[in-house]
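The block underneath contains the structure these notes are about, expressed in structure tokens.
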Amino acid sequence: MLPHEPPRTPPTGFLYFPPYRIQGYSIAGEETVVQVPELDVCFDIGRCPRLALNSNYVALSHGHMDHAAGLAYYFSQRHFQGMGTGTVLCHPTLVKPIKNLMTAWIDIEAQRTPYKVVPMDPEGAEAPHEFEVKNTFYLRAFSTIHTVPALAFSIIEKRSKLKDEYVGLPQSKLVELKEAGEDITYIKEIPLITYMGDTSPGAHFDRPEVTDCKVLITECTFMERDHRDRARIGRHLHLSDIVRLLPKLKCEAVVLTHLSRRTFIGDAREMLQRTIPEEHQPLVHLLMDSRTNRARYQQQEAEAAAAAQQQNAQ
Ligand SMILES: [Zn+2]
Ligand SMILES: [Zn+2]
């Protein structure tokens, strides 16, 4: 008798909401790492899969092992592969423990790995609550409710816009006004992608960073009807919380992560179809539903090919 082959790991979750890719891996208690390559950010680091190394920034929602285990490896591999020093942005309470972790590795490995830790204080008291990840794109932290101090992150584009009263004036007039010291612009904030980490429902879901972002990535650990108590005890979301949230959202897409490992993806897909009102169905995606997401991407590829063909014909 031949032995069984080892179990295959599920494929990396992948969704494309132009111009952003949302990719990674997320199963509650096991591993959560969600990368947006276009914005140079990984939300949480999970066990640090290879793709995570390409992000210069890790926005760490909280210290639970399934979200933070790969941190030392992330710093080490970045350094080892000559990719520059990695940076983790985290709750201020985690700065010292992360430094302790990296100090412990100096003794274990007999070498020192460079790393950067940036505290993100949601209250803005001990440290700023925002960090510029690239020109005009900012990561903003705000608090969620979990069993440990926990953060959500939103990537916000800050665009300088002409104030309404100056729109339509000739360029020469605008230059003149500006030179005279007139403040002719204001900053428009556009929340692009918001990642909720692990969290209970609460008022933090009413923030504009959540309701008005393009893509909302949120945990939904439990889906079964009789798992509501588990969600409440573990300070997690249940599918019923998502259903309540959907009417408030102006998002283009909602990506569900952190599903319990006891829930099979096929069952989850069915529960979503049964539970989510029809008008909201197209909005909701499961990061780890590779079959549905692959079909969606093939459709996007076909549409892109058709569009290119049409353009060539013109
Ligand atoms: Zn978790
Ligand atoms: Zn957690």
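The values are calculated or read from the model by the stated rules, or taken from the named source; none is laboratory data. What you see is a predicted model; the values in this text were computed from it and never measured. Here the Cβ positions follow ideal geometry from the backbone for every residue, glycine too, while neighbour counts run over all protein chains shown. SASA here: full protein model, heavy atoms, side chains in, ligands and nucleic acids out. Shrake-Rupley method; radii C 1.70, N 1.55, O 1.52, S 1.80 Å.
Observations, loosely collected:
- Checking every residue in segment 244-260 against the condition of being of a type in the set (Val, Ile, Thr), at negative phi, surrounded by 19 or more Cβ atoms within 10 Å (Cβ to Cβ) and within 16 Å of ligand 2 (Cβ to nearest atom) gives at least one match.
- Qualifying residue in segment 69-82 (condition: closer than 26 Å to residue 128 by Cα, open to solvent by 20 Å² or more (accessible area, probe 1.4 Å), in contact with a Cys (Cβ under 9 Å, 6 or more places away or on another chain) and within 16 Å of ligand 1 (Cβ to nearest atom)): yes
- Identity of the residue in segment 201-237, open to solvent by less than 10 Å² (accessible area, probe 1.4 Å) and touching a Phe, Trp or Tyr at 6+ places or on another chain (Cβ under 7 Å), that ends up nearest to ligand 2 (Cβ to nearest atom): 231
- The C-beta contact set for segment 131-159 (first residue farther than 16 Å from residue 200 by Cα and in a loop (DSSP other than H, G, I, E, B), second residue open to solvent by 20 Å² or more (accessible area, probe 1.4 Å) and not aliphatic (A, V, I, L, M), distance under 9 angstrom, 6+ apart or interchain) comprises 136/157; 136/158; 136/159; 136/160.
- Among the residues of this structure, residue 311 counts as one that is over 19 Å from residue 221 (Cα atoms), at pLDDT below 95, assigned to a helix (DSSP H, G or I) and polar (S, T, N, Q).
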